[in-house]
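Notes for the one structure printed next.
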Amino acid sequence: MNRQELSAIVHELLEKETGETYPGLQESTSLREGLNLDSLDMAGLVLHIESRFGIQIETELLEDITTVGDILDVLDRKLAAKAGSQAA
């Protein structure tokens, strides 16, 4: 899955979690300041992402996720690791 496809899914999950629409969402968009997500929104979003992709995002990683691009970076790494472990 390429980054554009991941971005579309994250966009969809963000809107599902918050009930808001986010036209013009970019990788540099801040989750807290730009989208006004609070800790409950973030927890819900992470649960949606984990469920959708069948991955686990460790609590320590959440501290480094501040933008939409950060979410995509974590997803890229997690999905690559998952694909690698399934291929072995």
Review point. In the range 17-33, which residues are surrounded by 13 or more Cβ atoms within 10 Å (Cβ to Cβ), of a type outside the set (Val, Ile, Thr) and either in a helix (DSSP H, G or I) or in contact (Cβ under 8 Å) with a residue 24 or more places away in the chain (or both)?
Key: Glu17, Leu25, Glu27, Ser30, Leu31, Arg32
Revision key, fill the gap. A careful count of residues in the range 37-59 that are in a helix (DSSP H, G or I) and either in contact with a Phe, Trp or Tyr (Cβ under 9 Å, 6 or more places away or on another chain) or touching a residue at least 24 places away in the same chain (Cβ under 8 Å) (or both) gives 7
Practice item. Could you please find all residues in the range 34-56 being exposed (fewer than 15 other Cβ atoms within 10 Å of the Cβ) and more than 15 Å from Met1 (Cα to Cα)? Key: Asn36, Asp38, Ser39, Leu40, Ala43, Leu47, Glu50, Ser51, Gln56
Review point. Pairs under 7 Å by beta carbon, first residue free of Cβ contacts under 8 Å to residues at least 24 places away in the same chain and closer than 16 Å to Glu27 by Cα in the range 60-78, partner charged (D, E, K, R) and surrounded by 16 or more Cβ atoms within 10 Å (Cβ to Cβ), six or more apart or different chains?
Key: Asp64/Asp70
Practice item. For the range 57-68, name all the residues that are surrounded by fewer than 16 Cβ atoms within 10 Å (Cβ to Cβ) and modelled with pLDDT of 95 or more. Key: Thr66
Review point. What number goes with the only condition from (1) at pLDDT below 95; (2) closer than 26 Å to Ala83 by Cβ; (3) β-branched (Val, Ile, Thr) that Thr18 does not pass?
Key: (2)
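The values are calculated or read from the model by the stated rules, or taken from the named source; none is laboratory data. Everything numeric here is computed off the predicted structure, so don't read it as measured data. Every residue, glycine among them, receives a Cβ derived from its backbone with ideal geometry; neighbour counts consider all protein chains shown.
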